[in-house]
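First comes the structure, then the notes that go with it.
The values are calculated or read from the model by the stated rules, or taken from the named source; none is laboratory data. Being a predicted model, the structure only gives us computed values, none of them experimental. Here the Cβ positions follow ideal geometry from the backbone for every residue, glycine too, while neighbour counts run over all protein chains shown.
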Amino acid sequence: MAGRHVARPVVKLGLGAEEIYGAKGREIKRFPEKKMAFKKVSEELGRPWFEVWSRNMLSQYRESRIGKDVSVSSPLEARSHIALWVGAATWNRLTQPYGEGHENMGFLSWTPLNVPPPFRGSPEPDPDPEALTQKVKQMARFLGANRVGIAKLNRKWIFEETCRNIYSPGEPKTKKIVFREMDAPEETETELVIPDKVRFAVVTIFDLNRVLTRIGSASIDTSVATNIGYSRMGLGDVALAEAIRTLGYTAIPCKNGVGLSIPMAIDAGLGQLGRNGLLITPDFGASVRIGKVLTDMPLIPDKPIDFGVTEFCESCMRCAKTCEVEAISFGEKTCDPPLETGNPGALKWYVNGKACLNYWIESGASCTACQAACPFTQSRYETLPPSAVWETEVSLPFGIEG
């Protein structure tokens with residue numbers, strides 16, 4: 001089983017992520033952002049984790065390196081890879097980096113940015129959920145998503161609170177995220193308020209460049225791949241939210257913020273949870289980023305799917321063997337995470353988020369080893385003709401050899 005993935009029929013289920021991964025007698029509670037590894041590692045370092053990560057990245061280029069054990073021909077070559085990363089990260093930065101901790105800020109505003117005033121809050125009468133579902137999915141694809149699904153919003157996946165200094169040390173600066181009967185979202189000095197009528201999540205998948213994710217376990221080029229994904233996600237979430245608002249409905253663009261992306265994606269029928277703690281999709285394996293827009297638009301939710309991920313992950317172990325810091329478990333599924341950076345109660349394989357992030361920091365680059373090694377990521381390219389491989393694939397950049 002540890003070898004090549006064999007495609008299996010997709011079976012529709014009637015269960016959501018909570019029923020699939022919930023354990024008897026254990027309650028899944030809403031997770032606070034202040035417990036994320038980004039925050040906890042920054043507290044342990046006594047400085048923002050990204051600051052240390054950036055320092056390590058920049059220190060390597062004089063030695064003609066672009067990450068852990070990845071060398072190039074000259075400092076100029078290394079600097080060119082850094083330049084590519086800066087370009088790739090631009091729209092991720094401008095649409096609020098990654099999303100968590102930036103709820104209702106900048107382009108991730110919970111209120112319209114560019115919607116004509118006559119269309120704001122005034123949907124057409126007698127809405128047809130089937131027609132609206134078709135339209136919102138079409139718009140998501142036109143606006144850059146590779147795949148899109150609809151989830152009925154489970155409030156347990158919404159963060160208990162945001163953390164405004166998520167990448168910095170110091171006492172967490174938090175605001176509760178609450179639901180309340182009201183016409184529009186709002187933010188107060190102590191709360192972020194989502195209207196009760198917001199009951200759906202439009203969840204989107206953005207694929208990562210397959211070539212770049214395989215250059216070292218952690219390199220500037222793996223960081224390029226992930227940041228292009230986050231940039232596309234940011235543009236997609238913001239644009240889709242504005243489109244939904246123009247149809248007269250509330251829309252909350254999220255990126256990684258507001259709530260847990262993976263269980264929402266599972267509920268939306270976009271994939272299953274893997275041993276590596278990531279969403280495994282039928283089309284792109286684990287090599288994806290997940291966007292989401294919450295809305296009160298009346299929609300028809302999709303159903304979760306089962307294409308054999310759980311059974312395969314029971315025995316494959318490839319991601320765990322690939323991880324250089326043993327952040328991925330070889331053991332059985334459990335309801336108890338090894339650290340506070342995990343949310344207890346769900347029966348799954350938990351990942352040591354601190355060990356993973358500290359490896360990124362040491363390498364001065366994002367690691368995608370477990371994504372690249374996953375047989376579900378690889379299988380699509382073993383069975384499709386070269387002309388059909390990876391819609392966003394580009395040639396190897398600069399001086400890297402294949």
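Looking at Leu270, Leu279, Leu235, Leu247, which one is over 14 Å from Thr95 (Cβ atoms) and touching a Phe, Trp or Tyr at 6+ places or on another chain (Cβ under 8 Å)? Full working, then the answer.
Values: Leu270 fails: touching a Phe, Trp or Tyr at 6+ places or on another chain (Cβ under 8 Å); Leu279 fails: touching a Phe, Trp or Tyr at 6+ places or on another chain (Cβ under 8 Å); Leu235 fails: over 14 Å from Thr95 (Cβ atoms).
The match here is Leu247.
Pairing residues of the stretch 232-250 that are closer than 11 Å to Ala140 by Cβ with residues that are among the polar types (S, T, N, Q), at Cβ distances under 7 Å and at least 6 apart in sequence or on separate chains, gives Gly236/Thr204; Ile244/Thr295.
The set of residues in the stretch 96-117 being on the phi < 0 side of the Ramachandran plot and touching a Lys or Arg at 6+ places or on another chain (Cβ under 7 Å) consists of Leu108, Pro112, Val115. For the stretch 291-320, give me each residue that is among the β-branched types (Val, Ile, Thr), modelled with pLDDT under 95 and surrounded by fewer than 21 Cβ atoms within 10 Å (Cβ to Cβ). Those that are among the β-branched types (Val, Ile, Thr), modelled with pLDDT under 95 and surrounded by fewer than 21 Cβ atoms within 10 Å (Cβ to Cβ): Ile305, Thr310. With respect to the conditions (1) of a type in the set (Ser, Thr, Tyr); (2) modelled with pLDDT under 95; (3) surrounded by fewer than 24 Cβ atoms within 10 Å (Cβ to Cβ), Ser231 falls short on a single one, namely (2).
Looking at the stretch 13-129, the helices (runs of 4 or more DSSP H) lying wholly inside it that each contain 3 or more residues that are without any contact (Cβ under 8 Å) to a residue 12 or more places away in the chain and not acidic (Asp, Glu) sit at 75-94. When Arg199, Arg180 are screened for being within 30 Å of Pro129 (Cβ to Cβ), among the basic types (Lys, Arg) and buried (at least 16 other Cβ atoms within 10 Å of the Cβ), only Arg199 passes.
The set of residues from the stretch 350-367 being without any contact (Cβ under 8 Å) to a residue 60 or more places away in the chain and surrounded by fewer than 21 Cβ atoms within 10 Å (Cβ to Cβ) comprises just one member, Ala355. Pairs linking a residue in the stretch 151-171 that is in a strand (DSSP E or B) to a residue that is hydroxyl-bearing (Ser, Thr, Tyr), with Cβ atoms under 8 Å and 6 or more positions apart or on different chains, are Glu161/Thr174; Thr162/Thr174; Cys163/Thr174.
If you take the residues of the stretch 175-199 that are basic (Lys, Arg) and assigned to a loop (DSSP other than H, G, I, E, B), which of them is nearest to Lys29 (Cα to Cα)?
Within the stretch 175-199, the first condition is being basic (Lys, Arg), and the residues that meet it are 175-176, 180, 197, 199.
Now drop any that are not assigned to a loop (DSSP other than H, G, I, E, B), which leaves 197, 199.
On the way: Lys197: 21, Arg199: 18 Å.
Only one residue fits best here, namely Arg199.
The number of residues in the stretch 138-149 that are touching a Gly at 6+ places or on another chain (Cβ under 8 Å) and outside any loop (DSSP other than H, G, I, E, B) comes to 2. Among the residues of the stretch 315-333, is there at least one that is closer than 22 Å to Cys254 by Cβ, among the charged types (D, E, K, R) and either within 20 Å of the chain's Cα centre (by Cα) or in a loop (DSSP other than H, G, I, E, B) (or both)? Checked the stretch 315-333: no residue is closer than 22 Å to Cys254 by Cβ, among the charged types (D, E, K, R) and either within 20 Å of the chain's Cα centre (by Cα) or in a loop (DSSP other than H, G, I, E, B) (or both). Restricting attention to the stretch 325-349, the residues that are in contact (Cβ under 8 Å) with a residue 60 or more places away in the chain and buried (at least 17 other Cβ atoms within 10 Å of the Cβ) add up to 7.
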